[in-house]
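The values are calculated or read from the model by the stated rules, or taken from the named source; none is laboratory data. Fair warning: this is a prediction, and the values are worked out from it, not measured in the lab. When we count neighbours, we look across all protein chains shown, and the Cβ atoms used for this are built from the backbone with ideal geometry, even at glycine.
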Amino acid sequence: MSEKKKFTIEYEIKSSPRILFSFLSEPNGLAQWFADDVNIKDQVYTFTWDNDAQKAKLLTVKENKLVRFKWVDDDPQFYFEMEILQDELTNDVALSVTDFATEDAIAERKLIWDNQIEYLISVLGA
């Protein structure tokens, strides 16, 4: 089995960190752009796409700043993280996504994130 590698991509988002954070951390917000449906119970989020459910545990949450999830059925060292970055001088907001994939799957995974974040931006009206 190929070893997974960490990768990070960054997107400019024209939104306040507070509003953006609700779309990254709350089931209702995530269901508007990340998955078809999202439920939460005991810090475990169930993401559903086309009737296929995957569970992820919320590992870290920093209000208006960061969320980190770990897929329940994946190796403990792998996670995906969405961090809100705000430039101190310009107040520009960016979303940094960190994920893991095998070398041959990184390009595809980045494309998936690109599409999802593009959809998030349209939902935000940003």
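If you go through the range 51-70 and pick out every residue that is free of Cβ contacts under 8 Å to residues at least 12 places away in the same chain and within 18 Å of residue 8 (Cβ to Cβ), you end up with 1. Put simply, of 64, 51 the only residue that is in contact with a Lys or Arg (Cβ under 6 Å, 6 or more places away or on another chain) and on the phi > 0 side of the Ramachandran plot is 64.
None of 88, 3 is touching a strand residue (DSSP E or B) at 6+ places or on another chain (Cβ under 9 Å) and modelled with pLDDT under 95 except 3. The strands (runs of 3 or more DSSP E) found entirely in the range 37-125 that carry 3 or more residues being within 18 Å of residue 4 (Cα to Cα) are 66-71, 93-102.
The single residue among 90, 8, 60, 48 that is of a type in the set (Ser, Thr, Tyr), farther than 20 Å from residue 121 by Cβ and exposed (fewer than 14 other Cβ atoms within 10 Å of the Cβ) turns out to be 60.
Comparison of 63, 118, 83 shows that the only residue that is under 12 Å from the mean Cα position of the chain (by Cα), at pLDDT 95 or above and of a type outside the set (A, V, I, L, M, F, W, C) is 83. Picking from residues in the range 25-45 that are polar (S, T, N, Q) and out of contact with any Asp or Glu (no Cβ under 9 Å at 6 or more places or on another chain), the one that is surrounded by the fewest Cβ atoms within 10 Å (Cβ to Cβ) is 28. For the range 72-84, which residues satisfy the criterion of being surrounded by fewer than 16 Cβ atoms within 10 Å (Cβ to Cβ) and not acidic (Asp, Glu)? Within the range 72-84, 72, 76, 77, 78 meet the criteria. Among residues of the range 38-49 that are over 14 Å from residue 67 (Cβ atoms), those with a beta-carbon under 6 Å from a residue that is of a type in the set (D, E, K, R) and surrounded by 13 or more Cβ atoms within 10 Å (Cβ to Cβ) at least six positions away or on a different chain give the pairs 46/55; 48/37. Residues that are of a type in the set (Gly, Ala, Ser) and in contact (Cβ under 8 Å) with a residue 24 or more places away in the chain were ranked within the range 11-24; the one that is surrounded by the most Cβ atoms within 10 Å (Cβ to Cβ) is 15. Here residue 92 does not fit the description of being charged (D, E, K, R) and without any contact (Cβ under 8 Å) to a residue 12 or more places away in the chain.
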